[in-house]
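The values are calculated or read from the model by the stated rules, or taken from the named source; none is laboratory data. In this text, all values refer to a predicted model and were calculated from it rather than measured experimentally. Every residue, glycine as well, gets a Cβ built from its backbone with ideal geometry; the counts of neighbours run over all protein chains shown. Note: accessible area is taken over every heavy atom of the protein model, side chains too, but ligands, DNA and RNA are not part of it. Shrake-Rupley method; radii C 1.70, N 1.55, O 1.52, S 1.80 Å.
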Amino acid sequence: YVDYVINPSYDMHKQLGILRTTISGQQLDDDMPFTIFLSGRILWDEGMASAAYTWTQENPGGLMIGLVGADHVKFEDGITGRFKRMAQGTKQESVSVILNPTLIDTRPSGSINM
């Protein structure tokens with residue numbers, strides 16, 4: 001998951017020149033180290049999954065819809081997988097839909113030979 005989702009995302013952020021600004025707006029002297037980026041992504045996904053799970057517990061029969069970037073749901077290692085982990089043993093369900101997916105959005109890089 002780290003190799004085929006998080007690393008490419010980090011590289012893209014680096015190319016865009018946005019690794020010197022934290023999510024809170026703090027300006028950094030150097031690019032954010034990968035370990036900090038990874039920790040932030042895991043915490044972000046865990047937080048979104050936790051908020052969704054809490055809402056579904058507080059609103060039985062309700063429908064939670066989250067509109068998030070593809071990297072947060074690919075291969076069920078982001079929000080979707082974390083929600084399912086929290087909901088184990090309950091009747092809560094999680095479904096993710098990726099709009100206009102490309103091959104890389106549905107299979108890890110290198111997993112398909114053409």
Legend entry - Selected residue [at positive phi and open to solvent by less than 60 Å² (accessible area, probe 1.4 Å)] from GLY47, GLY17, GLY61: GLY17
Inset, instruction - Specify the residue that is modelled with the lowest pLDDT; the eligible residues are those in the range 88-101 that are under 19 Å from the mean Cα position of the chain (by Cα) and surrounded by fewer than 10 Cβ atoms within 10 Å (Cβ to Cβ). - result: ASN100
Legend entry - Residue count, the range 20-35 (criterion: more than 19 Å from LYS74 (Cβ to Cβ), surrounded by 15 or more Cβ atoms within 10 Å (Cβ to Cβ) and of a type outside the set (A, V, I, L, M)): 1
Legend entry - Residue list for the range 5-61, restricted to those being over 27 Å from VAL95 (Cβ atoms), of a type in the set (Ser, Thr, Tyr) and under 15 Å from the mean Cα position of the chain (by Cα): TYR10, SER39
Inset, instruction - Quickly run through the range 1-19 and pick out the residues that are farther than 23 Å from PHE83 by Cα and in a helix (DSSP H, G or I). - result: PRO8, TYR10, ASP11, MET12, HIS13, LYS14, GLN15, LEU16
Inset, instruction - Would you mention how many residues in the range 64-87 are farther than 25 Å from VAL2 by Cα and open to solvent by less than 60 Å² (accessible area, probe 1.4 Å)? - result: 0
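Every residue, every condition in (1) hydrophobic (A, V, I, L, M, F, W, C); (2) under 24 Å from ILE104 (Cα atoms), yes or no:
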{"site": "THR21", "(1), (2)": "no, no"}
{"site": "GLY25", "(1), (2)": "no, no"}
{"site": "LEU28", "(1), (2)": "yes, no"}
{"site": "SER39", "(1), (2)": "no, yes"}
{"site": "GLU46", "(1), (2)": "no, yes"}
{"site": "THR54", "(1), (2)": "no, no"}
{"site": "GLN57", "(1), (2)": "no, no"}
{"site": "MET64", "(1), (2)": "yes, no"}
{"site": "LEU67", "(1), (2)": "yes, yes"}
